[in-house]
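Asks: Got a structure for you, questions after.
The values are calculated or read from the model by the stated rules, or taken from the named source; none is laboratory data. Quantities reported herein were computed from a predicted structural model and do not represent experimental measurements. Heads up, the Cβs are rebuilt from the backbone with ideal geometry, glycines too, and the neighbour counts pull from every protein chain shown. Accessible surface areas use protein heavy atoms only, side chains included; no ligands, DNA or RNA. Shrake-Rupley method; radii C 1.70, N 1.55, O 1.52, S 1.80 Å.
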Amino acid sequence: RAGYRQRGNGAPAEPRTKLLNREPPGMFTTYAAVLPETGAMGGYMYSAGFGATDAWFMTPLFDAESGEPLALLDGASMNPFKTGAAGGVAVDVLARDDASTVAVVGSGPQAKGQLRAIDAVRDLETVWVYSPTKKNREQFAGEMDRLLDASVAAVASSAAAVEGADIVVTATTAAEPVFDGDLLEPGTHVTAMGQYHPDKRELDTTTIARAKYVPDLRERATMDAGSFLAAVDEGVVDEDHIYAELGEVVAGTVPGREDDDEITVFDSGGTGIETVAAAHMLYEKARDEGLGTTIDFSPASESLTGE
């Protein structure tokens, strides 16, 4: 929340830069942010695929006042939690205050992070989860039912999950829409966080057209927010349909939800904002508890000599 408030007040942040390699097939991604009040800056650098057919997440963290390096973190373990936290912030400012039912489409680690964060900002009663593999959705439901006070149950279709839900979360790798936007009741909030590719989307055009549309970064919406870009391509909306960045809503620059009937969408593709905020928190905890290994670096004034 503090990180997005700083962004809403003008803190610098950039959308992801994605470099694709053909052989071996892989992706190398970076994004960054400066959070002046937090006193930290940095972001993600990660690879996925290539010869190892796996992913490696590295998070360099710097002091935003001195510019000195603070830490290098393995970013994979914190990923579902920091991404979930961004979704939780969006739910807190965009969902109805009395929202108590959630539909989750997807049953992986990211879905867990989203649901746990939503549970931190709303008093949940019922959660319905759907993913194509029955075993996965039932395992997810059982684990979350034990962890949360809410009742969590698996259902056999996305439609069964979405109908009547106050909050809908999509956390999938799907290339095509995962539910019918006509099913959304007035007042529903949707968080879509599984896709950041211009030709892939979790939300259909109907959902985008019906919603107050809030991306994490405005610039990203026209780069890799496939759901929004598809709606633009179909001529249903234009760039003016972007209501605001999440940070602008959190900072109070623009209002969030304005009535109980409007449908809201948070399009989350991942940014350096939540990454730096989470990394700095972990850095402070590790420092206070004497954890971690010291790595020595030399400043450019000492090492950039050409000798």
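Asks: Met27 to Lys285: extension gain in nm, 0.36 nm per residue of separation minus the Cα-Cα distance? Before the final figure, lay out each step's value.
Replies: Numbers: separation 258, 0.36 × 258 = 92.88 nm, distance 3.13 nm.
89.8 nm is the gain from fully extending Met27 to Lys285.
Asks: Quick one: Karplus J couplings for region 71-79, per residue in order, coefficients 6.51, -1.76, 1.60, θ = phi - 60°, nearest Hz, x for Gly and Pro?
Replies: Result, ordered by residue: 6, 10, 10, 7, x, 5, 5, 7, 4 Hz.
Asks: Please list, in chain and number order, the residues 5+ apart from Leu73 or on another chain whose amide H is under 5 Å from its amide H, with Hs placed from the backbone.
Replies: Thr59, Leu61
Asks: Additional query: Residue separation times 0.36 nm, minus the C-alpha to C-alpha distance between Phe297 and Asp238: what's the value? If you can, show how the numbers build up before the last one.
Replies: On the way: separation 59, 0.36 × 59 = 21.24 nm, distance 4.76 nm.
Net length gain for the segment: 16.5 nm.
Asks: Let me ask another. Just to be sure I understand: of the beta bridges DSSP finds with both ends in the chain, what percent are antiparallel, rounded to 5? Walk me through the numbers before you get to the answer.
Replies: On the way: 29 of 56 bridges.
Close to 50 percent.
Asks: If you roll a 1.4 angstrom probe over the protein chains with everything in place, what fraction of the accessible area of the chain belongs to carbon and sulfur, to the nearest %? It would help to have the intermediate numbers written out before the result.
Replies: Details: 7090 of 14490 Å².
Carbon with sulfur: 49 percent of the solvent-accessible area.
Asks: Determine, from the Cβ-Cβ distance of Lys135 and Leu19 and an R0 of 51 Å, the FRET efficiency 1/(1 + (r/R0)^6), rounded to the nearest 0.05. Walk me through the intermediate numbers first.
Replies: Values: r = 35 Å, r/R0 = 0.69.
Computed FRET efficiency for Lys135 and Leu19 comes out at 0.90.
Asks: Now a separate question. Cross-chain or 8 or more residues apart, Cα under 21 Å: how many lysine pairs in the chain fit that? Count them up, please. Can you show the working numbers first?
Replies: Numbers: Lys18/Lys82; Lys18/Lys200; Lys82/Lys112; Lys82/Lys285; Lys112/Lys134; Lys112/Lys135; Lys200/Lys212.
Count of close lysine pairs: 7.
Asks: Something else now. Skipping prolines and chain starts, which residues have an amide H placed within reach, meaning under 5 Å, of the one on Val169, given they are 5 or more residues away or on another chain?
Replies: Those lying under 5 Å, H to H, from Val169 are Ala103, Val104, Val105, Thr191.
Asks: Return the long-range amide H neighbours of Ala40 (sequence gap of 5 or more, or a different chain), with a cut-off of under 5 Å between placed amide H atoms.
Replies: For Ala40, the qualifying residues are Leu35, Ala64.
Asks: Another question about this same structure. Computed from these coordinates, which is mean projected area of the Cα convex hull in nm²: (i) 21.3; (ii) 25.7; (iii) 18.0?
Replies: Computing mean projected area of the Cα convex hull in nm² and matching it to (i) 21.3; (ii) 25.7; (iii) 18.0 gives (iii).
Asks: With every protein chain left in place and a probe of 1.4 Å, what is the accessible surface of Arg116, to the nearest 10 Å²?
Replies: Using a 1.4 Å probe on the heavy atoms, I get roughly 110 Å².
Asks: Note down the accessible area of Lys112, probe 1.4 Å, to the nearest 10 Å².
Replies: The value for Lys112 is about 60 Å².
Asks: Pop out the ³J(HN,Hα) list for region 175-185 in order, Karplus 6.51 cos²θ - 1.76 cosθ + 1.60 with θ = phi - 60°, rounded to Hz; leave Gly and Pro as x.
Replies: Calculated HN-Hα couplings, in order: 9, 10, x, 9, 7, 8, x, 5, 6, 5, 6 Hz.
Asks: Using θ = phi - 60° and the Karplus form 6.51 cos²θ - 1.76 cosθ + 1.60, what ³J(HN,Hα) does each residue of region 2-12 get, whole Hz, x for Gly and Pro?
Replies: Per-residue couplings from phi come out as 5, x, 6, 4, 5, 4, x, 9, x, 5, x Hz.
Asks: Before I look further, what does the chain give for accessible area per residue, probe 1.4 Å, in whole square angstrom? Walk me through the numbers before you get to the answer.
Replies: On the way: 14490 Å² over 307 residues.
For the chain, the solvent-accessible area averages 47 Å² per residue.
Asks: Between Thr305 and Ala160, what is the label-to-label distance in nm when each label sits 7 Å out along the Cα-to-Cβ direction?
Replies: The answer from the label model is 7.0 nm.
Asks: Quote the accessible area belonging to Thr29 in square angstrom, nearest 10, computed with a 1.4 Å probe and with ligands, DNA and RNA left uncounted.
Replies: 0
Asks: How big is the C-alpha Rg of region 11-147 next to the rule-of-thumb value 2.2 N^0.38 Å, as a ratio?
Replies: On the way: Rg = 17.9 Å, N = 137, 2.2 N^0.38 = 14.3 Å.
Against the compact-globule rule of thumb, the ratio is 1.25.
Asks: Please give the length that would be gained between Asp180 and Thr222 if that part of the chain were fully extended, namely 0.36 nm times their separation in residues minus their C-alpha to C-alpha distance (nm, one decimal). Please list the in-between numbers first.
Replies: Working: separation 42, 0.36 × 42 = 15.12 nm, distance 2.28 nm.
Length gained between Asp180 and Thr222: 12.8 nm.
Asks: What is the chain's relative contact order, in percent, from Cα pairs under 8 angstrom and six or more apart in sequence?
Replies: Values: 706 pairs, mean separation 60.8, N = 307.
RCO, the chain: 20 percent.
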